[in-house]
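One structure is given here, and the rest of the page talks about it.
The values are calculated or read from the model by the stated rules, or taken from the named source; none is laboratory data. Values in this document were obtained by computation on a predicted structure and should not be read as measured data. With ideal geometry, Cβ positions are generated from the backbone for all residues, glycine too; neighbour counts draw on all protein chains shown.
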Amino acid sequence: MMQTKYFKFDQIKEAVDLLKGGDIVALPTETVYGLAADAKNEDAIKKIFLAKGRPSDHPLIVHIDSLDMLNECAQEVSLQAKKLAEHFWPGPLTMVFKKRESVSNLITAGLDTVAVRMPQHPVMLEVIKMLGRPLVAPSANAHKKTSPTKPEHVLKTLDGKIAGIVDGGICSIGIESTIIDMTKETPVILRPGSITAKALEQVLKVKVQVPFDHNQKISGNMKIHYQPEKPLFLLSLEQIENLLHTESNVAIMHYSDLDKQESCVYYKMSSKRQDYAKDLYATLHAIDATTVEKIFVETPPLLNEWSDVKDRLLKASKK
Ligand code: AMP
Ligand code: MG
């Protein structure tokens, strides 16, 4: 165990010094908190897998602050990828490219591709700029657990296992980036996020593929992920109301109005996707801190726009 140092958002230099020394530090991004290491330091990268308990066959996303850094990682950046970069970077979009030889196999889990993103958060961008190198940063939580959108969520599973954390308050988007594979003839969405297929198609002027099942090495593809401590069940409003005839001590996450029972705890979620997404993980963390036995979640609206929220809830739910 080590002492995890806590830094305010303006103590960036201290965090950069730790990263320069080969340590790993949790940093705020606009999606979720990331656990960062110098992408050029293999010993530091190994510490990420160790701290998270993440299997080594799950590749990491490289975070950059400029197109120069992209060119150092990617062998070739197509015209279409350039269009997406221009339109959505910095922002919650990760693109997969053919990797350059110089990108460590520890980052890519031996794949010949590399996932790259330019984040929008000022702290993350400033740290990359001061370090002058890309950072690898998976979500700052123990493997398979609920992603962190506040510093206390990070500390819940990583306190004493990481050198430091920079407090950037709550993450504004709250759900991991959209991942799109740009190495194929037709771009393929590997993980849904707040940037939708439709938004990508509007810029690319071609259809993108949205597969439901694929074999890419991608943690978003694991059947279980993002799981809270309490068992979570994704149900219709009707199913919830029926179950509550016999169930008690349940947390209920809903966005529709419903009749409340005294023996349950209710979490009213927004019916706006953006606000729902921002609160999703924080609500799951809050429920985990209570004494309820299970979580019933009202299935989100059946609209494309909600596909990222639905994806995360499905993976968080009890199979
Ligand atoms: P996390 O770090 O937990 O947000 O997850 C990062 C995601 O990026 C995981 O789902 C990885 O599998 C995915 N990823 C990283 N590199 C690649 C790659 N080269 N090809 C496909 N997916 C990747
Ligand atoms: Mg993760």
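Any idea which of (1) surrounded by fewer than 16 Cβ atoms within 10 Å (Cβ to Cβ); (2) part of a loop (DSSP other than H, G, I, E, B); (3) at pLDDT 90 or above is the one ASP275 doesn't satisfy?
(2) is the only condition that ASP275 fails.
Out of the residues in the range 289-311 that are over 11 Å from ARG273 (Cα atoms) and in a loop (DSSP other than H, G, I, E, B), which is modelled with the lowest pLDDT?
Once the filter is applied, the top-ranked residue is LEU302.
Kindly indicate whether any position in the range 136-146 is under 18 Å from MET182 (Cα atoms), buried (at least 24 other Cβ atoms within 10 Å of the Cβ), under 17 Å from the mean Cα position of the chain (by Cα) and within 12 Å of ligand 1 (Cβ to nearest atom).
So far as the range 136-146 goes, no, none of its residues is under 18 Å from MET182 (Cα atoms), buried (at least 24 other Cβ atoms within 10 Å of the Cβ), under 17 Å from the mean Cα position of the chain (by Cα) and within 12 Å of ligand 1 (Cβ to nearest atom).
Select from the range 281-302 the residues that are in contact with a Ser or Thr (Cβ under 7 Å, 6 or more places away or on another chain) and not aliphatic (A, V, I, L, M) and write down the one among them that is surrounded by the most Cβ atoms within 10 Å (Cβ to Cβ).
Here the answer is TYR281.
Take GLU76 and decide whether it is over 28 Å from GLY169 (Cα atoms), more than 15 Å from ligand 1 (Cβ to nearest atom) and among the acidic types (Asp, Glu). I'd like the intermediate steps shown before the answer.
Working: over 28 Å from GLY169 (Cα atoms): yes; more than 15 Å from ligand 1 (Cβ to nearest atom): no; among the acidic types (Asp, Glu): yes.
No.
Hey, does the range 104-119 have a residue that's surrounded by fewer than 20 Cβ atoms within 10 Å (Cβ to Cβ), outside any helix (DSSP H, G or I) and in contact with a helix residue (DSSP H, G or I) (Cβ under 9 Å, 6 or more places away or on another chain)?
yes
Given the conditions (1) under 27 Å from ASP308 (Cα atoms); (2) more than 16 Å from ligand 1 (Cβ to nearest atom), report the number of the one that LYS20 does not fulfil.
Checking LYS20 against (1) under 27 Å from ASP308 (Cα atoms); (2) more than 16 Å from ligand 1 (Cβ to nearest atom), the one that fails is (1).
Residues in the range 206-220: is at least one exposed (fewer than 15 other Cβ atoms within 10 Å of the Cβ) and modelled with pLDDT of 95 or more?
Checking the range 206-220: at least one residue is exposed (fewer than 15 other Cβ atoms within 10 Å of the Cβ) and modelled with pLDDT of 95 or more.
Evaluate the range 49-70: report whether one residue or more is at positive phi and either among the basic types (Lys, Arg) or within 16 Å of ligand 2 (Cβ to nearest atom) (or both).
Here is the first cut: in the range 49-70, the residues at positive phi are 53.
Then drop every residue that is not either among the basic types (Lys, Arg) or within 16 Å of ligand 2 (Cβ to nearest atom) (or both), which leaves 53.
Yes: one or more hits.
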